[in-house]
Amino acid sequence: NAFFKPIHNSDPPLPSNRCTKVSVVGVGNVGMAIAQTILTQDLADELALVDSKPDKLRGEMLDLQHAAAFLPRTKISASVDYSVTAGSDLCIVTAGARQNPGESRLNLLQRNVALFRHIIPPLAKASPDSILIIVSNPVDVLTYVAWKLSGFPVNRVLGSGTNLDSSRFRFLIADHLDVNAQDVQAFIVGEHGDSSVALWSSISVGGIPVLSFLEKNQIAYEKQTLEDIHQSVVGSAYEVIGLKGYTSWAIGYSVANLARSIIRDQRKIHPVTVLARGFYGVDGGDVFLSLPALLGRNGVVAVTNVHMTDEEAEKLQKSAKTILEMQSQLGL
Ligand code: NAD
């Protein structure tokens, strides 16, 4: 162009694979919160957005592009066509139908499976080496569906699962103790939502295991407080949805955090939806639910062998059965 005079440069052009590309499918409340957190945290060189509503999609793309002067440089594109996602390192799926009044969960699931049949095959075809993170609900079953429909190896398909439930748990414990939530370690595993399992023995604050501390000092009432905190975690999505109509900011940060661990090969441990068959006595079929997993550039690197009481393992196995029953009605 006329504005710049190129300086002599004999170097070959930089290989294009130096770019990190992330795609987000579904630009609703959740997809956009994820997209904007990824942008502000400078996690991608390219961001591609896909949705089935072209006007909404273009509007969201322009709105983000207009913030370019305040953000790290990221190429943002959008299309209803999956070719826009080609060559992605990471694809995040948030597209989903919403529950109609009076509609059963199974019916909603069947509608979302029908959507996934249109989404996952072209997404996987355009980026055959990418890692898939599923966020749409019910996230555990839909991660299984995405795994089946993509044909990807199991380490490259995960769901956001109880990463969000665990961060809600850490916030509430931190708030109760008036400490930084980043100093609180605590895992919620199992099904995302109603039957999630809190791993009590995993709770530590600044390296102090909380339960054994309370038992040693015979502070029984604090144990009840922790139980109450877990109950409020289970209810917190319903509370936010009841108040503002949807959830967005926390899921945005939570998924961007997973994206960082994967793209930057951080090898951090996150409770996310993975193939749980064979772990902690879960058997009977290919069932996906959340377990603490080590995440890196290859996706799910390993599942952590955390201490689980018999009661916790039993609860996990019960969740697995419920999820398997739902899966068996899908005909996949
Ligand atoms: P939303 O209705 O605001 O957005 C959904 C988007 O998907 C819409 O823009 C819609 O046009 C798009 N869409 C629908 N069908 C499509 C298709 N075939 N192809 C491409 N795009 C399509 O909903 P939301 O509030 O953003 O929630 C999205 C999903 O995320 C829901 O399933 C919700 O339950 C789930 N969610 C999961 C978690 C979690 O922790 N796993 C947390 C919050 C929300």
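Taking segment 46-96, which residues are within 12 Å of the ligand (Cβ to nearest atom) and more than 21 Å from Val157 (Cα to Cα)?
Ser52, Lys53, Pro54, Asp55, Lys56, Leu57, Gly59, Glu60, Ala78, Ser79, Val80, Asp81
Which ones in segment 85-100 are of a type outside the set (Ser, Thr, Tyr) and modelled with pLDDT of 75 or more? Please lay out each step first, then the result.
So the first thing to find is which residues in segment 85-100 are of a type outside the set (Ser, Thr, Tyr), and the list is 86-87, 89-93, 95-100.
Answer for segment 85-100, where residues must be of a type outside the set (Ser, Thr, Tyr) and modelled with pLDDT of 75 or more: Ala86, Gly87, Asp89, Leu90, Cys91, Ile92, Val93, Ala95, Gly96, Ala97, Arg98.
From the set of residues in segment 118-139 that are near the ligand (Cβ under 9 Å from one of its atoms) and not small (Gly, Ala, Ser), which is nearest to Cys91 (Cα to Cα)? Spell out the reasoning first.
Going residue by residue through segment 118-139, those that are near the ligand (Cβ under 9 Å from one of its atoms) are 118-119, 134-139.
Add one more test, that the residue is not small (Gly, Ala, Ser), and what stays is 118-119, 134-135, 137-139.
On the way: His118: 15, Ile119: 11, Ile134: 8, Val135: 11, Asn137: 16, Pro138: 18, Val139: 15 Å.
Only one residue tops the list, namely Ile134.
May I ask you to list the residues in segment 122-136 that are open to solvent by 40 Å² or more (accessible area, probe 1.4 Å) and either under 12 Å from the mean Cα position of the chain (by Cα) or modelled with pLDDT under 95 (or both)? So that I can check it myself, show each step before the final result.
We begin by selecting, within segment 122-136, every residue open to solvent by 40 Å² or more (accessible area, probe 1.4 Å); these are 122, 125, 128-129.
Hits for segment 122-136: nothing passes.
Quick one: would you say Leu43 is touching a residue at least 60 places away in the same chain (Cβ under 8 Å), open to solvent by less than 30 Å² (accessible area, probe 1.4 Å), away from the ligand (no atom under 15 Å from the Cβ) and hydrophobic (A, V, I, L, M, F, W, C)? Reasoning before the result, please.
On the way: touching a residue at least 60 places away in the same chain (Cβ under 8 Å): yes; open to solvent by less than 30 Å² (accessible area, probe 1.4 Å): yes; away from the ligand (no atom under 15 Å from the Cβ): yes; hydrophobic (A, V, I, L, M, F, W, C): yes.
Yes: the conditions hold for Leu43.
Please note which strands (runs of 3 or more DSSP E) are completely contained in segment 248-332 and include at least 1 residues that are closer than 24 Å to Asn107 by Cβ.
Details: elements: 268-275, 288-296, 299-303.
Ranges flagged: 268-275, 288-296.
Does any residue in segment 190-211 that is on the phi > 0 side of the Ramachandran plot come within less than 6 Å, Cβ to Cβ, of a residue that is surrounded by fewer than 23 Cβ atoms within 10 Å (Cβ to Cβ) six or more places away or on a different chain, and which pairs are these?
Note: pairs meeting the criteria are Gly206/Asp183.
So which residues in segment 88-115 are in contact with a helix residue (DSSP H, G or I) (Cβ under 7 Å, 6 or more places away or on another chain) and hydrophobic (A, V, I, L, M, F, W, C), if there are any at all?
In the first step, residues of segment 88-115 are kept if they are in contact with a helix residue (DSSP H, G or I) (Cβ under 7 Å, 6 or more places away or on another chain); the result is 89-97, 99, 106, 109, 112-113.
Across segment 88-115, the qualifying residues are Leu90, Cys91, Ile92, Val93, Ala95, Ala97, Leu106, Leu109, Val113.
Out of all the residues in segment 137-163, which are open to solvent by 10 Å² or more (accessible area, probe 1.4 Å) and either modelled with pLDDT under 95 or in a helix (DSSP H, G or I) (or both)? Write out each step before concluding.
Going through segment 137-163, the residues open to solvent by 10 Å² or more (accessible area, probe 1.4 Å) turn out to be 137-138, 144, 147-156, 163.
Result: Asn137, Pro138, Tyr144, Trp147, Lys148, Leu149, Ser150, Val154, Asn155, Arg156, Asn163.
If a residue has to be of a type in the set (Gly, Ala, Ser), near the ligand (Cβ under 6 Å from one of its atoms) and outside any helix (DSSP H, G or I) to count, how many in segment 22-40 make the cut?
Filtering segment 22-40 for residues of a type in the set (Gly, Ala, Ser) gives 23, 26, 28, 31, 33, 35.
Then keep just the ones that are near the ligand (Cβ under 6 Å from one of its atoms); that gives 26, 28, 31.
In the following step, the residues that additionally are outside any helix (DSSP H, G or I) were identified as 26, 28.
Of the residues in segment 22-40, 2 are of a type in the set (Gly, Ala, Ser), near the ligand (Cβ under 6 Å from one of its atoms) and outside any helix (DSSP H, G or I).
Could you check segment 55-86 and list, in sequence order, the residues that are of a type in the set (Phe, Trp, Tyr) and closer than 16 Å to Thr40 by Cα? Give the steps one after another, and end with the answer.
Residues of segment 55-86 that are of a type in the set (Phe, Trp, Tyr), as a first pass: 70, 82.
Result: Phe70, single match.
In this structure, is Ser248 of a type outside the set (Val, Ile, Thr) and over 26 Å from the mean Cα position of the chain (by Cα)? I'd like the intermediate steps shown before the answer.
Numbers: of a type outside the set (Val, Ile, Thr): yes; over 26 Å from the mean Cα position of the chain (by Cα): no.
No, not satisfied.
Pull up segment 58-86, narrow it to residues that are among the acidic types (Asp, Glu) and loosely packed, with under 14 Cβ neighbours inside 10 Å, then point me to the one that is nearest to Ser127 (Cα to Cα). Walk me through it before giving the result.
Narrowing segment 58-86 to residues among the acidic types (Asp, Glu): 60, 63, 81.
Then drop every residue that is not loosely packed, with under 14 Cβ neighbours inside 10 Å, which leaves 63, 81.
Numbers: Asp63: 26, Asp81: 13 Å.
Filtering first and then ranking leaves Asp81.
Name every residue in segment 288-306 that is of a type in the set (A, V, I, L, M, F, W, C) and touching a Ser or Thr at 6+ places or on another chain (Cβ under 9 Å), in order of residue number.
Here is the first cut: in segment 288-306, the residues of a type in the set (A, V, I, L, M, F, W, C) are 288-289, 291, 293-295, 300-303, 306.
Passing the criteria: Phe288, Leu289, Leu291, Ala293, Leu294, Leu295, Val306.
Within segment 259-278, can one find any residue that is within 13 Å of the chain's Cα centre (by Cα), small (Gly, Ala, Ser) and either more than 18 Å from Val197 (Cβ to Cβ) or open to solvent by 50 Å² or more (accessible area, probe 1.4 Å) (or both)?
Yes, there is a match, as at least one residue in segment 259-278 is within 13 Å of the chain's Cα centre (by Cα), small (Gly, Ala, Ser) and either more than 18 Å from Val197 (Cβ to Cβ) or open to solvent by 50 Å² or more (accessible area, probe 1.4 Å) (or both).
Residues to consider are Glu222, Glu227, Glu215, Glu239; find the one that is surrounded by 14 or more Cβ atoms within 10 Å (Cβ to Cβ), of a type in the set (Asp, Glu) and in a helix (DSSP H, G or I). First the steps, then the outcome.
Numbers: Glu227 fails: surrounded by 14 or more Cβ atoms within 10 Å (Cβ to Cβ); Glu215 fails: surrounded by 14 or more Cβ atoms within 10 Å (Cβ to Cβ); Glu239 fails: surrounded by 14 or more Cβ atoms within 10 Å (Cβ to Cβ).
Of the residues listed, the single one that is surrounded by 14 or more Cβ atoms within 10 Å (Cβ to Cβ), of a type in the set (Asp, Glu) and in a helix (DSSP H, G or I) is Glu222.
Could you identify the single residue in Ser254, Ser236 that is more than 20 Å from Ala95 (Cβ to Cβ), within 16 Å of the ligand (Cβ to nearest atom) and of a type in the set (S, T, N, Q)?
Values: Ser254 fails: more than 20 Å from Ala95 (Cβ to Cβ).
The unique qualifying residue is Ser236.
Take the residues of segment 1-32 that are closer than 26 Å to Ser261 by Cβ and at pLDDT below 90: which is least open to solvent (accessible area, probe 1.4 Å)? Lay out the reasoning, then the answer.
Keep residues of segment 1-32 that are closer than 26 Å to Ser261 by Cβ, which gives 14-32.
Among the residues that remain, those that are also at pLDDT below 90 are: 14-18.
Values: Leu14: 126, Pro15: 75, Ser16: 101, Asn17: 128, Arg18: 159 Å².
The residue in question is Pro15.
The values are calculated or read from the model by the stated rules, or taken from the named source; none is laboratory data. Keep in mind that this is a model prediction, so the values were computed, not measured. All Cβ positions, even for glycine, are placed from backbone atoms using ideal geometry, and neighbour counts span all protein chains on display. The area values use the complete protein model at the heavy-atom level, side chains included, leaving out ligands, DNA and RNA. Shrake-Rupley method; radii C 1.70, N 1.55, O 1.52, S 1.80 Å.
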